[in-house]
Amino acid sequence: MIKLLVYIAIALTVVLLFQLMRIYQLSSEIKGKNIGMANEKDNRSQGRASLIFVLGFFIFLIWLIVRFKDDMLPVAASDVGKTSDNLFMFNWVIIFIVFFITTFMLFFFAYKYAKTAKNPTAYFYPHNDKLELIWTVVPSIALAVIVIYGLSLWGKMTEKASDNALNIQLYAKQFDFTVRYSGADNKLGVTNYKMIDDATNPLGMDSTDKSGWDDVVVHGELHMPVGREINIQCNARDVMHGMYFPHFREQINCVPGMSTYMHFVPTITTDSMRTIMHDTAYDYILVCNRVCGSGHYNMFLKVVVDTKAQFEKWLATKTPQFDAINKRSHGGAVTMK
Amino acid sequence: METHAHEATHTAAHTEHHHHEHPSQSFVEKYMFSMDHKIISKQFLFTAMFMAFAAAIMSVLFRLQLAWPGQQSSVMHFFLGDRWAKGGVLDPNMYLGLVTIHGTIMVFFLLTGGLSGTFANLLIPLQVGARDMASPMMNMLSYWFFFISSLIMFISLFIETGPASAGWTIYPPLSALPQAIPGSGAGMTLWLTSIALFVVSSLLGGLNYIVTVVNLRTIGMKMTRLPLTIWALLITAILGVLSFPVLFGAAILLIFDRSFGTSFYLSDIYIGGQALSETGGSPILFEHLFWFLGHPEVYIVIMPAFGIMSEIISINARKPIFGYRAMIGSMLSIAFLAFIVWGHHMFVSGMNPFLGSVFVFTTLLIAIPSAVKAFNYITTLWKGSITFNPQLLFVVGAVSTFISGGLTGIILADSALDVAVHGTYFVVAHFHIVMGLSAVLAMFGGVYHWFPKMFGRMMNKKLGYWHFWLTFICAYGVFLPMHFLGLAGVPRRYYTNDAYAPWAKLQDINVIVSIFAIVGVLSQIIFFVNFFYSMSKGTKSAQNPWDANTLEWTTPIVPGHGNWEGDLPVVHRWAYDYSKPGKAHDFVPQTVPMEEGELDEGEHS
């Protein structure tokens, strides 16, 4: 019933609008006005509107920056993140200079060169090779600098992790992350997706691989020591997931059927960050950033950066997964599903 | 052949107002299964307008959810009913479905099918001086494949398990496994079917456009005299013909993975308590195939907009387009580079980082011809004598969004920075501005500009101004604040952002964005009213209402089958002799012969 009324209301509105337009058009035609083409008055008013717009546009942008700048991501909390922030700033400077100049010119010219009695004719100016050469070459140089700067950082981000990096696995499934620490040997044991058992072996660890015997599986939190390089192996069980650490300026996808890697050095502990942010509850976070299903928006992991001592103490409270499994399956391999 | 037959039967009898009927043509032949490029163009436009309207309503629905998460809304319930909005609260699966179909429709059905389909069909024969497309039959099929494709996509919204919901990029395994998300059931099957048909439509259309531009130019219409609209549409068609088949391949392989047990994209998956037998495939293969189309696709969207922008700016500034040859050169280099930058969508995919570096380099290269275009548009306005017809405003707006959105692209092209904001609202803001807004604004501009050629009547300029300013202000009101969400690290495609406290603080931004979005969508009513009213009741158009040089304004006001009565026009000069010194008028149509010693600017600029 309500739907029907809505439809009727819409239909009546359309009819009304059509009638109003008809009246407007007929009255204009009687006065001899052309309602389809711009006249001098339109040129002047729309030209002025363009100028007002560009000023309003800049004010809006500046207001947004002032209003929300404190809610943006805080200072980067990793080694690569610091360089990344500098590069970001460098880009922003170039972008804002170009943006303000070109945008202003665009709308200002529209205003200034409106066709009026004062400006009845245009200047025939089909090309100027020198000018065109300048604005091909200058952006090329600016971009070359950006490319070189950017690629040097990219190289650092994606080079092989150092040998003494702490090896961790992050394992994504709908809709949570699981962490596996590599234990005393700093080596992750191999896994096989056919050995997955949600109750006893959620990551599908293969118990015939000794390097996995000391691996520690942790749900619900990721702890990392500050100042040490972390080398993360990323895996996914079911669909693709995105592993995004906004505070460390790092991101990579977790892809079923293959491992991907990222590494960085956390540089600010959670406690220090809380001091910086004046917020005793502030936490780092890992979020899924590749749409993965209905619970995608709830796929988070709390991240804690500890001091070395805190981290070791925390890790010591955890038991390797196989200690628990071995008791149940009499020390043998986990049965194939 | 047929066109010549018609010509023979309709010769001298034509008058100025000829609204001629072909007695041999029934209504069905004339308006439905028409082979006339002008009718087909309108069919594309109307279908795309309908689809875009639906997609705009979808955006209102998910914007309601994002600004006021979990609140009961009668609007939501009105559109989605109990199945997807129980108690007026949007279902999370339907949220993803809306986002997916909104993207798919806007990219493919509005900005590819709608934009190219409308303007290539309308303008190519009219501006090169041809009676019709090279193959009117293929042209008709192109539309009907598009229609069926649109229909299937639209129907997929109404099925039990919901529409495809893996995002418009439909990355497997999510899109391959119905266990992972309900939308990957029948909804995904319909999506893939629809897109496969869309590719067929696009190829039939594209081949036709290319052949027509290359072979059917009238006497004197050298390539260096073509209006930039035609250059743009030609390059667009070439891009489409080379890249769409790859999407077709990607879709076919996905259909095989879904239905016939192959594992092109699937490997080592454990889902729903079960280890699947598929092994050895790679989702990254899909990403490569998808983006091999997907990136040229954004240029398929923006190129026709470039063409329309060049033409409208030049005509309304009463000045030749600045750097005609540089404009062609930049479009050609953009088109070439478009094929070797797809990897910049995949910096976080896990592909080889060295490959990433190569894509950084090629992607930033593409900024150079883009910058040239922006500077040339601005210089065309400089010292012009600008007539503010609504289309000029739309096109100036499109240049502005192209600049704003293009500049943030510099950040995303840099792999080391991309990983910091990849997949956040920063990306959403970037591509909506640079591709979505630029193309939509240019498309509106094109509709206002060529409306008199389509319907023989003018649109109302006052409503045009209101439509422009509301649309333009709302567009920036939506997408400028979105950058800030992205810089705070908020991921896209999230049903709500309130699970993480620092993001919940940014809810104000979502409210601002949603209000602008809703007003922006509502202001399109002004356009619809203006469009449909003026179509039948608007003021009659003059022969050449905008004092333009191109050939379409030399046909009868409402051109009949075959476009020109009598002989085809002969071209003597380029399309941009506006305000040429020593001429009686501030425009010199292409059909006016050159004077003794006059310079052909198309050959020299």
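The values are calculated or read from the model by the stated rules, or taken from the named source; none is laboratory data. All values reported here derive from a predicted model rather than from experimental measurement. All Cβ positions, even for glycine, are placed from backbone atoms using ideal geometry, and neighbour counts span all protein chains on display. Surface areas here come from the heavy atoms of the whole protein model, side chains and all, with no ligands, DNA or RNA. Shrake-Rupley method; radii C 1.70, N 1.55, O 1.52, S 1.80 Å.
Put A:VAL66, B:VAL341, B:VAL28 in order of accessible area, highest first, and with a 1.4 Å probe you get A:VAL66, B:VAL28, B:VAL341. Heavy atoms of the protein chains alone define the surface here; on that basis the protein assembly as shown has 37 Å² accessible area per residue at 1.4 Å probe size.
Label positions at A:SER45 and A:LYS31, each projected 7 Å from the Cα along the C-beta direction, are separated by 1.0 nm. For an R0 of 45 angstrom, estimate the FRET efficiency from the Cβ-Cβ distance between B:PHE354 and B:MET535 and round to the nearest 0.05. According to the calculation, E is roughly 0.20.
With a simple spin-label model that places each label point 7 Å from the Cα along the Cα-to-Cβ direction, the separation between A:ARG274 and A:THR319 comes to 2.9 nm. Annotation: B:LYS462 carries an accessible surface of approximately 80 Å², with a 1.4 Å probe and no ligand, DNA or RNA atoms counted.
Per-residue accessible area (protein heavy atoms, 1.4 Å probe) orders B:THR161, A:THR319, B:THR555 as A:THR319, B:THR161, B:THR555, starting from the largest. For a test of the definition: using alpha carbon positions, the gyration tensor, and the 1.5 limit on a/c, classify the range A:38-158 as rounded, prolate or oblate. Since a/c reaches 1.5 but b/c is at least a/b, the shape of the range A:38-158 is classed as oblate. Shape of the range A:166-328 from its Cα gyration tensor (a ≥ b ≥ c, root eigenvalues): rounded if a/c is under 1.5, otherwise prolate when a/b > b/c, or oblate? Here the range A:166-328 falls in the oblate category. For the pair A and B, the buried accessible area comes to roughly 11000 Å² in total, with a 1.4 Å probe and the value rounded to the nearest 100. Which aspartates and glutamates does B:LYS505 reach when only Cα atoms under 18 Å apart count, and residues fewer than 8 places away in its own chain are ignored? Correct list for B:LYS505: A:ASP70, A:ASP71, A:ASP279, A:ASP283. Under the simplified labelling scheme, the A:THR307-B:GLN71 pair shows an inter-label distance of 4.7 nm, with each label point 7 Å from Cα along Cα→Cβ.
Of all DSSP beta bridges confined to the protein assembly as shown, the antiparallel ones make up roughly 70%. Computed over the range A:166-328, relative contact order equals 26 percent, with contacts defined as Cα pairs under 8 Å that lie 6+ residues apart. Of the residues A:GLY32, A:GLY295, A:GLY212, the one that moves most in a GNM of chain A with alpha-carbon contacts below 10 Å is A:GLY32. Taking each residue as 0.36 nm, the span from B:PHE528 to B:ASN215 lengthens on full extension beyond its C-alpha to C-alpha distance by 109.0 nm. Maximal additional length on extending the A:SER162-A:ASN298 stretch stands at 45.6 nm, based on 0.36 nm per residue less the C-alpha distance. Cross-link check: pairs B:LYS383/B:LYS453; A:LYS118/B:LYS580; A:LYS160/A:LYS313; A:LYS156/A:LYS313 evaluated at a Cα-Cα cut-off of 24 Å; pairs beyond the cut-off: B:LYS383/B:LYS453; A:LYS160/A:LYS313; A:LYS156/A:LYS313. Can you give the FRET efficiency for B:ASP498 and A:VAL190, using 1/(1 + (r/R0)^6), R0 = 35 Å, r = Cβ-Cβ distance, to the nearest 0.05? Working from the Cβ atoms, E equals 0.35. Sorting A:PHE58, B:PHE147, B:PHE244, B:PHE79 by solvent-accessible area of protein heavy atoms yields B:PHE79, B:PHE147, A:PHE58, B:PHE244, largest first, with a 1.4 Å probe. For the segment A:152-160, counting C-beta atoms of other chains within 10 Å of every residue's C-beta and taking the mean gives 4.
Rolling a 1.4 Å probe over the protein chains gives A:SER294 an accessible area of about 40 Å².
The long axis of helix A:129-158 is offset from the longest Cα principal axis of chain A by roughly 20 degrees. Using a 1.4 Å probe and ignoring any ligands, DNA or RNA, find the accessible area of B:LEU285 and quote it in Å² to the nearest 10. Surface accessible to solvent at B:LEU285 totals approximately 70 Å². Inter-part distance, the range B:250-279 to the range A:270-315, computed on C-alpha centroids, equals 34 Å.
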